[in-house]
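Student: Pasting in a structure now, in structure tokens, and then I'll have a few things to ask.
The values are calculated or read from the model by the stated rules, or taken from the named source; none is laboratory data. Being a predicted model, the structure only gives us computed values, none of them experimental. Positions of Cβ are backbone-derived with ideal geometry, glycine not excepted, and every protein chain shown enters the neighbour counts. What goes into the accessible areas is simple: the full protein's heavy atoms, side chains included, and nothing from ligands, DNA or RNA. Shrake-Rupley method; radii C 1.70, N 1.55, O 1.52, S 1.80 Å.
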Amino acid sequence: MTVFNEYRLRQEIIRVTRIVANQGLIRSSDGNLSVRLDENRFLMTPSGLYKMSMEPDDPIVVNENGKVLIGKPGLKPTSEFNMHLEAFRQRPDINAVLHAHPPYATALTIAGLPFPTDYLPEVLIALGDVPVANYGTPGTPALAESIQELIKDHNAIILSHHGSITVGKTLEEALVALERLEHAAYTYYLANNLSTPVSLAAEELAHLRAIGNQIRNQ
Ligand SMILES: [Zn+2]
């Protein structure tokens with residue numbers, strides 16, 4: 001079992017959080033990040049902290065049940081700790097979970113639209129299908145349940161009326177998936193404002209899907 005360098009991961013959480021916040025993919029104290037430290041310990045962003053002010057010693061170490069092992073007095077782990085732990089439980093192959101509130105991707109679910117997979121080749125290759133999880137009240141086990149099955153086969157999921165969850169071997173991988181997801185939703189939004197979007201041809205979609213499955217399963 002790999003044991004990760006906690007000091008370095010604390011710095012990485014701050015770096016990635018600032019990138020996510022600077023891009024408007026989270027606002028205020030929204031969103032949360034976590035990384036695996038070893039088999040039973042996870043480092044998570046605290047609840048209620050303004051994200052741009054977060055410092056490297058603020059993230060909290062919890063065990064696989066969400067019990068706090070190391071944390072500054074007065075800080076609690078993110079209220080979405082259940083969803084993070086569920087992702088780690090279902091995916092032993094991943095080491096990072098990123099929950100954000102990307103506006104264009106989230107707006108799709110408010111408008112009752114699916115994620116547009118069939119319009120941009122690189123999205124289909126890099127992300128594959130992006131499902132929308134059923135609505136679950138934020139900060140409750142219902143949200144963890146909503147991703148329980150979907151996270152087994154997907155690295156990016158949109159949470160209905162709420163935001164996104166992306167996972168990866170590293171936080172940067174989860175960040176890249178989030179950026180791609182939001183950029184695709186934004187481009188689709190622009191196309192919709194111009195005219196009716198035209199999908200890629202069916203054979204090309206099948207081709208891209210096959211390439212994507214091969215790359216992502218490497
Ligand atoms: Zn949220």
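Student: Which condition number does P141 fail, the rest of (1) within 16 Å of the ligand (Cβ to nearest atom); (2) under 16 Å from V123 (Cα atoms); (3) loosely packed, with under 14 Cβ neighbours inside 10 Å being met?
Tutor: (2)
Student: Across region 105-138, what is the number of residues that are hydroxyl-bearing (S, T, Y) and either open to solvent by less than 10 Å² (accessible area, probe 1.4 Å) or within 16 Å of the ligand (Cβ to nearest atom) (or both)? Give the derivation first.
Tutor: So the first thing to find is which residues in region 105-138 are hydroxyl-bearing (S, T, Y), and the list is 106, 109, 117, 119, 135, 137.
Going one step further and asking which of them are either open to solvent by less than 10 Å² (accessible area, probe 1.4 Å) or within 16 Å of the ligand (Cβ to nearest atom) (or both), we end up with 106, 109, 135, 137.
Within region 105-138, residues that are hydroxyl-bearing (S, T, Y) and either open to solvent by less than 10 Å² (accessible area, probe 1.4 Å) or within 16 Å of the ligand (Cβ to nearest atom) (or both) number 4.
Student: If A174 passes every condition in (1) part of a loop (DSSP other than H, G, I, E, B); (2) in contact with a strand residue (DSSP E or B) (Cβ under 7 Å, 6 or more places away or on another chain); (3) open to solvent by less than 20 Å² (accessible area, probe 1.4 Å) but one, which one does it miss?
Tutor: (1)
Student: From the list V97, V62, exactly one residue is without any contact (Cβ under 8 Å) to a residue 24 or more places away in the chain and either away from the ligand (no atom under 16 Å from the Cβ) or under 18 Å from R10 (Cβ atoms) (or both). Which is it?
Tutor: V62
Student: Filtering region 1-52 down to residues that are outside any helix (DSSP H, G or I), hydroxyl-bearing (S, T, Y) and open to solvent by less than 10 Å² (accessible area, probe 1.4 Å), which residue is farthest from E173 (Cα to Cα)?
Tutor: Looking at the filtered set, the residue picked out is T45.
Student: Another question, then. Run down I165, I151 and say which single residue is assigned to a strand (DSSP E or B) and either within 16 Å of the ligand (Cβ to nearest atom) or within 18 Å of L113 (Cα to Cα) (or both).
Tutor: Exactly one of I165, I151 is assigned to a strand (DSSP E or B) and either within 16 Å of the ligand (Cβ to nearest atom) or within 18 Å of L113 (Cα to Cα) (or both), namely I165.
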